[in-house]
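Have a look at the structure below, then the notes.
The values are calculated or read from the model by the stated rules, or taken from the named source; none is laboratory data. All values derive from a computational prediction rather than experimental measurement. All Cβ positions, even for glycine, are placed from backbone atoms using ideal geometry, and neighbour counts span all protein chains on display.
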Amino acid sequence: MKLIDKVAYCGIYCPDCIHYQNEYSKLASELKNHLLEIGLDKYAKTKSPFGAQFQNYEEFETILSALAETKCDKPCRAGGGCSGIPCEIMDCCISKSYEGCWECSNVDSCDKFTFLEPRCGKMPKNNIRKIKKLGLDDGIEQRDNFYIWLK
Ligand code: SF4
Ligand code: SF4
């Protein structure tokens, strides 16, 4: 796969993402099926002096399903966006025939990146600036850490 195929329109490098070709989705799916098979949902929902620690089991099931379903086998560009859903940034770049936001002159003022900030901080825009300045190879080589907790 060429480098550009792994770099999203927003400057994210998909192989750094927790969802990219992850191991946890398969494990979560297996655990989900196993627990259903043995009826642990019914066990957890039955009020009893035993097993009080299962009282939030439905929340656990929701999270387990999310874990099972959030795998990206392909990077953003080939997969059609995060979890296969195009975001505003992707739509914008495609509508302008840009390979990525690094071809745009409005990066600093663009407000389409807000949804990425809680987990990624300024990483996408910083990566875009580096690609603009250094080119794709060196810009990605010098990319920011993916998540804010990795700083
Ligand atoms: S498409 Fe989105 S969710 Fe999937 S690996 Fe890339 S950044 Fe992560
Ligand atoms: S306006 Fe520019 S920076 Fe913002 S999403 Fe569109 S191409 Fe990217």
Inset, instruction - Note down all Cβ pairs under 8 Å where the first residue falls in region 16-40 and is without any contact (Cβ under 8 Å) to a residue 40 or more places away in the chain, the second is polar (S, T, N, Q), and they're at least six residues apart or on different chains. - result: Lys32/Ser65
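For (1) over 26 Å from Lys133 (Cβ atoms); (2) among the aromatic types (Phe, Trp, Tyr); (3) in contact with a His (Cβ under 9 Å, 6 or more places away or on another chain), each residue gets a yes or a no:
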position	(1), (2), (3)
Cys72	yes, no, yes
Pro75	no, no, no
Gly84	yes, no, no
Met90	no, no, no
Tyr98	no, yes, no
Asn106	no, no, no
Thr114	no, no, no
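Between Ile89, Ile94, which is more than 28 Å from Glu23 (Cα to Cα), within 16 Å of ligand 1 (Cβ to nearest atom) and either in contact with a strand residue (DSSP E or B) (Cβ under 7 Å, 6 or more places away or on another chain) or part of a helix (DSSP H, G or I) (or both)?
After ruling out the rest, the residue left standing is Ile94.
Go through Gly139, Gly121 for me and flag whichever is over 16 Å from the mean Cα position of the chain (by Cα), in the same structural domain as Cys14 (by TED's automatic domain parsing) and among the small types (Gly, Ala, Ser). Let's see the steps before the verdict.
Values: Gly121 fails: over 16 Å from the mean Cα position of the chain (by Cα).
After applying the criteria, what remains is Gly139.
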Inset, instruction - Of the conditions (1) modelled with pLDDT of 95 or more; (2) under 24 Å from Tyr24 (Cα atoms); (3) in a helix (DSSP H, G or I), Asn145 clears all except one; give me its number. - result: (3)
Inset, instruction - Can you tell me which residue among Ser65, Ser83 is in the same structural domain as Ser29 (by TED's automatic domain parsing) and either within 13 Å of ligand 1 (Cβ to nearest atom) or among the small types (Gly, Ala, Ser) (or both)? - result: Ser65
